[in-house]
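See structure below.
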Amino acid sequence: DVKVTQSSRYLVKRTGEKVFLECVQDMDHENMFWYRQDPGLGLRLIYFSYDVKMKEKGDIPEGYSVSREKKERFSLILESASTNQTSMYLCASLQRSGANVLTFGAGSRLTVL
Amino acid sequence: GESVGLHLPTLSVQEGDNSIINCAYSNSASDYFIWYKQESGKGPQFIIDIRSNMDKRQGQRVTVLLNKTVKHLSLQIAATQPGDSAVYFCAESGGNDYKLSFGAGTTVTVRA
């Protein structure tokens, strides 16, 4: 069974802290994505990566950065967490060929105090 | 970016009835549409997709209808079951862009 694993399900951080959200996929997919999910707003794309060391900004990249050093791992970084970054973060991966069916992880719920 | 929206944020359905979840999109260039289901505590899971060269596609107990004239997408669930209680998202992409734009989601609650 294919999997996208987000290592942290729940995190509580303080304003100004640096936060790392890790995502690993075992499907050898080229494309990986980070979304945030907020009530009434659906899923909004933060960053995505179409290959190792490659990244592109999504719709709401401000306050975030990403790292893709290995094909299977895509990390989301909050350099200095703020309260408005309290949210559910969803990682997904996609095989380059075929339909645009994203496989999602279970999510990481981040609370910034 | 282009917007993808769902008509209603919540839907309450009697067990055994059919459910219809609606979605409107604004990007005329969209040519791929997909529905996801998100159960509590889980990430979204693929339900069904459809390309713009089709009007209808059926899966197991689900049907997606696409009306390109009015830019409307719907998901029909037959004989709704308690396990269908979840948040449903529509999403779209256009051309060679494999990035999906998601709607806000509809929360479906199934009444026993």
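The values are calculated or read from the model by the stated rules, or taken from the named source; none is laboratory data. Nothing here was measured: the structure is a model prediction, and the numbers come from that model. Glycine gets a Cβ as well: all are built from the backbone with ideal geometry, and neighbour counts include every protein chain shown. The protein model used for the area step is the full one, side chains on, heavy atoms only, and it has no ligands, DNA or RNA in it. Shrake-Rupley method; radii C 1.70, N 1.55, O 1.52, S 1.80 Å.
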- Task: Would you mind stating whether B:V110 is within 26 Å of A:L45 (Cβ to Cβ), in a strand (DSSP E or B), among the β-branched types (V, I, T) and in contact (Cβ under 8 Å) with a residue 12 or more places away in the chain?
- Result: no
- Within the set of pairs 6+ apart or on separate chains, which have a first residue in segment A:38-67 that is facing chain B (nearest Cβ under 9 Å), a second that is open to solvent by less than 30 Å² (accessible area, probe 1.4 Å) and part of a loop (DSSP other than H, G, I, E, B), and C-beta atoms under 7 Å apart? A:G42/B:G103; A:G42/B:G105; A:L45/A:G58; A:F48/A:G58
- Evaluate segment A:96-111: report whether one residue or more is on the phi > 0 side of the Ramachandran plot, open to solvent by 50 Å² or more (accessible area, probe 1.4 Å) and not aliphatic (A, V, I, L, M). yes
- Note on the structure: Within segment B:28-55, residues of a type in the set (D, E, K, R), facing chain A (nearest Cβ under 8 Å) and open to solvent by 50 Å² or more (accessible area, probe 1.4 Å) come out as B:K42
- Message: Condition first: of a type in the set (V, I, T) and modelled with pLDDT of 95 or more. Can you find one or more residues in segment A:94-109 that meet it?
- Response: no
- Could we say that B:T80 is surrounded by 14 or more Cβ atoms within 10 Å (Cβ to Cβ), farther than 27 Å from A:K3 by Cβ and of a type outside the set (A, V, I, L, M, F, W, C) here? yes
- Just one of the numbered conditions (1) touching a residue at least 24 places away in the same chain (Cβ under 8 Å); (2) within 11 Å of chain B (Cβ to nearest Cβ) is not true of A:E22; which one? (2)
- Query: Do any residues in segment A:84-111 that are within 14 Å of A:S7 (Cβ to Cβ) and of a type outside the set (S, T, Y) have Cβ atoms under 6 Å from those of residues that are in a loop (DSSP other than H, G, I, E, B) and modelled with pLDDT of 90 or more, where the two are at least six apart or on different chains, and which pairs are they?
  - Reply: A:L90/A:G107; A:L90/B:G43; A:C91/A:G105; A:G105/B:G43; A:A106/B:K42; A:A106/B:G43; A:G107/B:G43
- Note on the structure: B:Y98 passes all but one of the listed conditions (1) surrounded by 17 or more Cβ atoms within 10 Å (Cβ to Cβ); (2) in a strand (DSSP E or B); (3) within 11 Å of chain A (Cβ to nearest Cβ); the exception is number (2)
- Task: Tell me, please, whether a residue that is open to solvent by less than 50 Å² (accessible area, probe 1.4 Å), touching a residue at least 12 places away in the same chain (Cβ under 8 Å), within 14 Å of chain A (Cβ to nearest Cβ) and closer than 21 Å to A:L41 by Cα can be found in segment B:57-70.
- Result: no
- Task: Please tell me if A:L78 is within 11 Å of chain B (Cβ to nearest Cβ) and either closer than 24 Å to B:D31 by Cα or buried (at least 17 other Cβ atoms within 10 Å of the Cβ) (or both).
- Result: no
- Query: Quick one: A:E17 ticks every box in (1) within 13 Å of chain B (Cβ to nearest Cβ); (2) charged (D, E, K, R); (3) in contact (Cβ under 8 Å) with a residue 60 or more places away in the chain bar one, so which box is it?
  - Reply: (1)
